[in-house]
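J.: This structure is in structure tokens; I'll ask about it shortly.
A short reminder: the numbers here are calculations on the coordinates, not readings from a lab. Here the structure is a predicted model, which means the values were calculated and not measured. Using ideal geometry, Cβ is built from the backbone for each residue, glycine included, and neighbour counts are taken over all protein chains shown.
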Amino acid sequence: MNKRTFIKGLAIAGISSPFSAKAMEDWIKKFEDIPALHLAEDEIFWQGIRKGYRLKPDYINLENGYYNFIPEEILEKYLAHIREVNYQGSYYMRTVQWDNKKKIAEKLAAMLGCGGDELIITRNTTESLDMIIGGFPWKAGDEAVFAEQDYGAMQDMFRQISERNNVILKKVSVPNHPANDEEIVNLYANAITDKTRLLMVCHMINITGQILPIRKICDMAHQKGVQVMVDGAHAVAHITFNMTDLNCDYYGASLHKWLSVPLGAGILYVRKNNIKNIWPLIADSPRKEDDILRLNHIGTHPVATDLTIPDSIDYYNKIGPERKEARLRYLQLYWTEKVRSAPGVIINTPANPARSCGIANVGIKGMKPALLAETLMKKYKVFTVAIDYANVQGCRITPNLYTTLSELDQFVKALKEMGASA
């Protein structure tokens, strides 16, 4: 019996019952010699990964972008952390709370390729980036540049500092199908003047999944004396990258999305020499001006979430960053390539695999996004989210590692039926 036959036999025998953490680890090891790109297409392997999740059978969940719920293995560890903190009570909070948080932040920094003294744990991307927008040393007449496709919470914060500090806001519109990196870089470059102080850009646009050329944008902006803040809400643990290589000044992300941390965890990276220039969101006791912890005071918060971050990192590393990225991109291309030329179907995400990964956006000609989402759920039992602003009208589709090709086939069938009637 060869190895593949043996593994297939194991899958048939065990796929109907959930995997324990040890069983999952053993399962992954059986495939460790298979390259990531090849493993991305191996449905037997990913059926095993699916067994690590407790999935609701009522519908096909293609909306993992808001909250990427956690595998049972991580959930059990999270519950154990809740019990332990509850067991220790104030003793835990007054003794090792901050030492543990610092160690966890250092583990995150190592994962992302930055210094432990440049990263803090926040509650989400909004808190992280709003802290920079609100705490930036603005002067009347300064300019900020961002895109109309950027997340609404950050645009709201820019609007507030505009009203409060007389900052001029300049919006660009990112095309859904750019010809090349230079088109994107020039779009931002043309909006910059000698009054521009901060540029916000998405690493991965949340409504379409388009990946932007961050390093090229940062290099261009720095040459013009402009700092760059990156919204990485959907990039961390989705695509592989190194923070140092990006060359950005600030980076915010949510960990309860693609890293599968329990709800309420994010990160803020601030390049070391910029820390002293940012006012904290909430004041803390006096610290050195370049101590990033001066930006991290939020009062009492659910520390069990923080304690689960290392467990999520370990799970991510066990799956393998390259394997995860390859699988998510494979899933997206699997369904988009089947409908990109279908009558009445509109794909709002670039076809070039290098410009997207797991996220894509699809619309039906003449159909409002809200109606599309409603029809997918009511008629086809597919859960998505409607997007209807900027130049994007459609539903955002975000599969996860547990998503099967048969589920995507059902989704494709639904799109083709609706498209044919458009």
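J.: Taking a point 7 angstrom from the Cα of residue 288 along the C-beta vector, which residues in the range 245-278 have backbone N less than 16 Å away?
T.: Answer for this model: 271-277.
J.: Moving on to the next point. Given a cut-off of under 8 Å on Cα pairs at least six residues apart, what relative contact order in percent is computed for the range 76-314?
T.: That works out to 25 percent.
J.: If you take the beta carbon distance between residue 191 and residue 245 as r and set R0 to 22 Å, what does 1/(1 + (r/R0)^6) give as a FRET efficiency, to the nearest 0.05?
T.: 0.35
J.: Using a Gaussian network model of the chain whose springs link C-alpha atoms within less than 10 Å, name the residue from 52, 134, 89 with the highest mean-square fluctuation.
T.: Among 52, 134, 89, the largest GNM mean-square fluctuation belongs to 89.
J.: With a ≥ b ≥ c taken as the square roots of the eigenvalues of the C-alpha gyration tensor of the range 47-167, please select rounded if a/c is under 1.5 and otherwise prolate if a/b is larger than b/c or oblate if it is not?
T.: Oblate, since a/c reaches 1.5 and b/c is not below a/b.
J.: Express the relative contact order of the chain as a whole percentage, based on alpha carbon pairs under 8 Å and six or more residues apart in sequence.
T.: Result for the chain is 21 percent.
J.: Okay, moving on. Along the Cα→Cβ direction, 7 angstrom out, place labels at residue 156 and residue 38. What is the inter-label distance in nm?
T.: Taking the two extended label points, one gets 5.0 nm.
J.: Could I ask something else about it? Please work out whether the range 76-314 counts as rounded, prolate or oblate from its C-alpha gyration tensor, where a ≥ b ≥ c are the square roots of the eigenvalues and a/c under 1.5 means rounded, while otherwise a/b larger than b/c means prolate and anything else oblate?
T.: It is prolate, given that a/c is not under 1.5 and a/b is the larger ratio.
J.: Can you tally the net charge around residue 206? Count Lys and Arg as +1, Asp and Glu as -1, for every other residue whose Cβ sits under 11 Å from the Cβ of residue 206.
T.: Overall, the nearby charge balance is 0.
J.: Another question, if that's okay. Which entries of 324/381; 170/378; 170/276; 101/276 have Cα-Cα distances beyond 30 Å here?
T.: Where the Cα-Cα span goes over 30 Å, the pairs concerned are 170/378.
J.: For the chain, with a Gaussian network of springs between Cα atoms less than 10 Å apart, report the residue from 307, 198, 79 with the top mean-square fluctuation.
T.: 79
J.: Given a Förster distance of 22 angstrom, what is the FRET efficiency for residue 56 paired with residue 317, based on the Cβ-Cβ distance and rounded to 0.05?
T.: Working from the Cβ atoms, E equals 0.20.
J.: When a footprinting reagent is the concern and you count Cβ atoms within 10 Å, what order do 194, 291 take, fewest first?
T.: Ranked by crowding around the Cβ, least crowded first: 194, 291.
J.: Moving on. Just need the relative contact order of the range 109-228 here, percent rounded to a whole number, with Cα pairs under 8 Å and 6+ apart.
T.: Over the range 109-228, the number comes to 24 percent.
J.: Tally Lys and Arg at +1 and Asp and Glu at -1 over the other residues with C-beta under 13 Å from the C-beta of residue 175: what net charge comes out?
T.: -3
J.: Can you give the extra length, in nm with one decimal, that the chain gains between residue 378 and residue 173 once fully stretched, where that is 0.36 nm per residue apart less the Cα-Cα distance?
T.: Full extension of this stretch gives 70.5 nm more.
J.: How far apart, in nm, are the 7 Å Cα→Cβ label points at residue 340 and residue 90?
T.: It works out to 6.2 nm between the two label points.
J.: Are any of the pairs 107/288; 195/257; 30/102 more than 26 Å apart by Cα-Cα distance, and if so, which?
T.: Result: 195/257; 30/102 exceed 26 Å.
J.: Just rank 205, 275, 397, fewest to most, by other beta-carbon atoms within 10 angstrom.
T.: Ascending Cβ contact count within 10 Å gives the list 275, 205, 397.
J.: Label the chain by shape, choosing from rounded, prolate and oblate, from the square roots a ≥ b ≥ c of the eigenvalues of the Cα gyration tensor; if a/c is under 1.5 it is rounded, and otherwise prolate applies when a/b is larger than b/c, oblate when it is not.
T.: oblate
J.: Tally Lys/Arg at +1 and Asp/Glu at -1 over every other residue whose Cβ is under 12 Å from the Cβ of residue 215; what's the total?
T.: Within the 12 Å Cβ shell, the charges total -2.
J.: May I ask you to list the aspartates and glutamates whose Cα is less than 18 Å away from that of residue 379, ignoring any residue fewer than eight positions away on the same chain?
T.: The qualifying aspartates and glutamates are 58, 63, 407, 409, 417.
J.: Give the order of 121, 359 when sorted by the count of other beta carbons within 10 angstrom, beginning with the fewest.
T.: Ranking 121, 359 by Cβ neighbours within 10 Å, fewest first, gives 121, 359.
J.: I want to check the label-to-label distance for residue 100 and residue 298. Put each point 7 Å from Cα in the C-beta direction and report it in nm to one decimal.
T.: Each label point is offset 7 Å from its Cα along the Cβ direction, giving 1.6 nm.
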